[in-house]
């Protein structure tokens, strides 16, 4: 077999290998698998003394200590969140717990209490991974330091682009005891390593 | 010749997957839908602030519906019911003497147009002889870092009062039955002094940032009494924007640019074509 013919055959083979590698790479990058979250465990509703909504907000309610959302299997203690130096809401130090913003009203007193939690960590689901699965009418329970339970009912679930976040609707005053549960959602921007949207669940205290 | 056909087939097989995957990738460009309009509800709060009017039953009717949506029994002077969340629309508030049948003619009634996202106080104000139902628009937003406060003067015994909070005069000459508009104040806890002709009262009143208050001046068992109603409360300081609550571990992988792969495929095709051509030109050696 002449050397030139061998070279040509090699060239053809090499070309085909490169084409194959390119096609494989293309296919794989289009269809990389997302890690799957575990199965959903629906929790029983917590029990305990239920504090009626304070008549006119003058009665002090105790600080919130834990949060249970049976419909999406959330049961977590609540840490305290403040603001970052840039004025943004602090986020919980781990993705496994949610936190109450101490600058917002206490859950169950008049006003919009704010609770935030992570949707995911670098490798798996966070405490609020299924927050956007909540439906109108789902119950949310906040246990307070004195053992009383504030019961809320979901009224709305919304997703907002971060650059159009409705600060007034989410953090602004309300005339009744409400709750805002916030996490991330939407598209993840791999260059800034952040989600481009927020999921906000609105809930109202039921008595 | 056979080689050419072979090369063509190979090229076709290499290109086909590109077409198959390029189409769905282009179609799956995601867009976040704009927030839909909120639930379409507002709030109504009913109050009895007429000192010499006996207790009443207060009825709230959705316009055109003869059965009451809410009935509050035996509402006495100084009582302010909590806000009731109601669907936006027209309502009628009717007051009847406590214990009167629901079918009896109301002593007084007023209509309220509830706009979604707004709150209203419907108060019986004035003396019994001139009792009126006044619909007050309650504010639900504060300037950043500030508190809002308004005063309802419902003391008949001290029919003109002056009100100061932390040394600042909120109103120096407020007549019985009148309601001030909301005033913006710097938040804090300070003493509220209400002074009438023959009596005055002093109370320590906290007005926190992001809260809206109505101070009701009432005739107490002796002298004046002040009720501090919390109309609405939000965060003292609104966080800027939404929190960064995710690290992307569960995010769907955004498709990276297919360009490098397409270029590799292109280069490979050129190589293979060049090789194929050369093979055709160089005759196979016969043994």
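Rounded to the nearest 10 degrees, the angle from helix A:3-30 to the longest Cα principal axis of chain A is 10 degrees. Taking the DSSP beta bridges with both ends in chain A, the antiparallel portion is around 75 percent. In the stretch A:76-156, one over the average inverse separation of all distinct C-alpha pairs is 13.7 Å, which is the Kirkwood hydrodynamic radius. Remark: the Cα gyration tensor places the stretch B:123-187 in the oblate category, a/c being 1.5 or greater and a/b not exceeding b/c. Counting every pair of alpha carbons in the stretch B:46-117, the share spaced more than 17 Å apart comes to 41 percent.
Nearest 0.05, what FRET efficiency do residue B:270 and residue A:153 give at R0 = 56 Å with Cβ-Cβ as r? Between residue B:270 and residue A:153 the formula returns 0.30. Across the stretch A:69-106, the residues whose backbone nitrogen lies under 11 Å from the label position 7 Å along the beta-carbon direction of residue A:41 are A:73-75.
When DSSP beta bridges are restricted to pairs lying wholly in the stretch B:139-235, around 80% turn out antiparallel.
Calculated from the alpha-carbon coordinates, the protein assembly as shown shows an Rg and a Dmax of 33.7, 131 Å respectively. Expressed as a fraction of 2.2 N^0.38 Å, the value expected for a compact globular protein of N residues, the C-alpha radius of gyration of the stretch B:158-287 is 2.82. Modelled label-to-label distance, residue A:85 and residue B:280, 7 Å Cα→beta-carbon offset: nm? Once both label points are built, they end up 6.8 nm from each other.
Shown is the FRET efficiency for residue B:116 and residue A:14, computed with R0 = 60 Å from the Cβ-Cβ distance and rounded to the nearest 0.05: 0.30. Footprinting exposure proxy ranking of A:80, B:213, B:118, fewest other C-beta atoms within 10 angstrom first, gives A:80, B:118, B:213. With 24 Å as the cut-off, how large is the P(r) tail for the stretch B:139-235, expressed as percent of Cα-Cα pairs? Percentage above 24 Å: 16. Mean partner shielding of peptide B:203-211, defined as the number of other chain Cβ atoms within 10 Å of each residue Cβ, is 2.
Under 10 °C and 1.306 mPa s, how fast does chain A diffuse according to Stokes-Einstein, given a Kirkwood radius computed over C-alpha pairs? Answer in µm²/s, whole number. This corresponds to a translational diffusion coefficient of 82 µm²/s.
Readers should treat all values here as calculations from the given coordinates under stated rules, not as data from a laboratory. What you are looking at is a predicted structure, and each value in this text was computed from that prediction instead of being measured. For neighbour counting, all protein chains shown are included, and Cβ atoms are generated from backbone atoms with ideal geometry for every residue, glycine included.
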